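Only one structure is covered here, and it is reproduced in the block below.
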Amino acid sequence: MLSVADITCRYGRIEVLHGVSLDVGRGEIVTLIGSNGAGKTTLMRVISGILPQTKGRILFDGAPLDRLPAHLRVARGVAQVPEARQVFAPLSVEDNLKLGAFRRHAADLPHAMERVYTLFPALAGKRHTAAGTLSGGQQQMLAMGRALMSDPRLLLLDEPSMGLAPVLVDQILDTVVALRKEGMTILLVEQNVNAALAIADRAYVLETGRIVLSGESASLAHDPRVREAYLGL
Ligand code: ATP
């Protein structure tokens with residue numbers, strides 16, 4: 001479904017991705033592992049169109065995404081849940097969700113919102129609450145809900161469990177699995193490598209802007225390099 005080939009990206013004169021390639025198949029959960037500063041967020045932003053690549057190709061369903069601005073990539077079915085949630089703090093839960101649906105007809109909104117509230121019942125009673133007053137876990141649910149409002153086929157999830165208590169981490173990752181059961185395709189960046197490998201089909205390891213390892217999650221979880229560098233074993 002998604003094919004990223006030989007992507008290079010720089011901030012000013014500093015190149016931080018040096019020819020990254022990865023594929024995500026329809027209905028897969030693929031996780032991208034790497035230490036701080038490896039370039040995971042940069043790659044997610046290049047795929048969603050927030051940052052331009054300097055080289056390489058991105059194909060989605062066989063068609064190039066590269067030249068499309070971010071909002072048209074959303075229209076094609078690619079939605080990003082950004083690192084640190086980035087909800088619109090003064091706006092209500094409902095208004096945050098509406099912003100995620102900027103490409104859709106008003107008539108579709110009630111159904112799309114009910115889908116989010118069914119997935120995240122904790123948000124249902126907070127429709128008119130300012131997003132900035134929600135707990136970290138609820139803000140993460142809202143960030144995911146906002147992305148789902150665009151009715152994506154590929155969800156780019158950047159560190160959804162960051163800063164959350166273990167019980168909420170489990171809840172968020174259970175939701176990722178539930179979304180996949182509904183047919184969603186997911187590219188997941190997650191610091192909690194053990195949990196990410198447990199739910200993902202495949203994984204890529206990014207180190208200082210290069211993919212250094214890739215494979216089935218189950219086999220990477222047993223790879224000594226992954227165990228030592230990312231699982232602390
Ligand atoms: P983290 O887990 O800390 O979020 P990451 O793997 O997502 O790390 P990136 O945030 O993509 O890594 O950063 C990759 C490199 O690019 C790092 O060296 C970082 O310092 C640098 N970088 C990130 N954003 C910018 C920016 N806006 N301007 C300049 N350099 C940046």
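Conditions: (1) modelled with pLDDT under 90; (2) more than 30 Å from Ile14 (Cα to Cα). Thr118 meets all but one. Number of the miss?
Result: Thr118 passes all but (1).
Would you pick out the residues in the range 135-181 that are out of contact with any Gly (no Cβ under 7 Å at 6 or more places or on another chain), among the charged types (D, E, K, R) and under 23 Å from Val4 (Cβ atoms)?
Of everything in the range 135-181, those that are out of contact with any Gly (no Cβ under 7 Å at 6 or more places or on another chain), among the charged types (D, E, K, R) and under 23 Å from Val4 (Cβ atoms) turn out to be Asp151, Asp158, Glu159.
Go through Ala70, Ala101 for me and flag whichever is under 28 Å from Gly163 (Cβ atoms), in contact with a Gly (Cβ under 9 Å, 6 or more places away or on another chain) and either among the acidic types (Asp, Glu) or away from the ligand (no atom under 13 Å from the Cβ) (or both).
Ala70
Residues of the range 45-79 being in contact with a strand residue (DSSP E or B) (Cβ under 7 Å, 6 or more places away or on another chain), in a strand (DSSP E or B) and within 17 Å of Leu22 (Cα to Cα), which ones?
Lys55, Gly56, Arg57, Ile58, Leu59, Phe60, Pro64, Val78
Pick out the one residue from Val4, Val16 that is closer than 21 Å to Glu159 by Cα, within 14 Å of the ligand (Cβ to nearest atom) and among the β-branched types (Val, Ile, Thr).
Numbers: Val4 fails: within 14 Å of the ligand (Cβ to nearest atom).
Exactly one of Val4, Val16 is closer than 21 Å to Glu159 by Cα, within 14 Å of the ligand (Cβ to nearest atom) and among the β-branched types (Val, Ile, Thr), namely Val16.
The conditions are (1) over 19 Å from Met184 (Cα atoms); (2) touching a residue at least 40 places away in the same chain (Cβ under 8 Å); (3) within 16 Å of the ligand (Cβ to nearest atom), and Arg57 fails exactly one of them. Which is it?
(3)
In the range 19-43, what residues are in contact with a Phe, Trp or Tyr (Cβ under 6 Å, 6 or more places away or on another chain) and away from the ligand (no atom under 11 Å from the Cβ)?
Residue satisfying the conditions is Leu22 alone.
Could you list, ordered by first residue, the pairs with Cβ atoms under 7 Å in which the first is in the range 102-121 and in contact (Cβ under 8 Å) with a residue 12 or more places away in the chain and the second is hydroxyl-bearing (Ser, Thr, Tyr) and in a helix (DSSP H, G or I), at least 6 apart or interchain?
What qualifies is Leu119/Thr175.
Would you point out the residue of the range 194-206, among those that are of a type outside the set (Val, Ile, Thr) and either modelled with pLDDT under 95 or in a helix (DSSP H, G or I) (or both), that is farthest from Val177 (Cα to Cα)?
Once the filter is applied, the top-ranked residue is Asn194.
Given Gly49, Gly62, which one is more than 15 Å from the ligand (Cβ to nearest atom), farther than 19 Å from Glu207 by Cβ and modelled with pLDDT of 95 or more?
Residue meeting the stated conditions: Gly49.
Scanning the range 95-131 for residues that are closer than 21 Å to Val176 by Cα and among the small types (Gly, Ala, Ser), which turns out surrounded by the most Cβ atoms within 10 Å (Cβ to Cβ)?
Applying the first criterion (closer than 21 Å to Val176 by Cα) to the range 95-131 yields 96-97, 100-101, 111-124.
Of the ones still in play, those that are also among the small types (Gly, Ala, Ser) are 100-101, 112, 122, 124.
Details: Gly100: 25, Ala101: 19, Ala112: 18, Ala122: 15, Ala124: 14.
The selected residue is Gly100.
Keeping to the range 175-218, report how many residues are of a type outside the set (D, E, K, R), out of contact with any helix residue (DSSP H, G or I) (no Cβ under 9 Å at 6 or more places or on another chain) and without any contact (Cβ under 8 Å) to a residue 60 or more places away in the chain.
Residues in the range 175-218 being of a type outside the set (D, E, K, R), out of contact with any helix residue (DSSP H, G or I) (no Cβ under 9 Å at 6 or more places or on another chain) and without any contact (Cβ under 8 Å) to a residue 60 or more places away in the chain: 3 in total.
Please go through the range 38-54 and pick out each residue that is without any contact (Cβ under 8 Å) to a residue 40 or more places away in the chain and either over 26 Å from Met162 (Cβ atoms) or small (Gly, Ala, Ser) (or both).
Gly49
Name the single residue that is farthest from the chain's Cα centre (by Cα) among those in the range 207-233 being hydrophobic (A, V, I, L, M, F, W, C) and assigned to a loop (DSSP other than H, G, I, E, B).
Leu233
The values are calculated or read from the model by the stated rules, or taken from the named source; none is laboratory data. No experiment lies behind these values; they were computed from the predicted model shown. With ideal geometry, Cβ positions are generated from the backbone for all residues, glycine too; neighbour counts draw on all protein chains shown.
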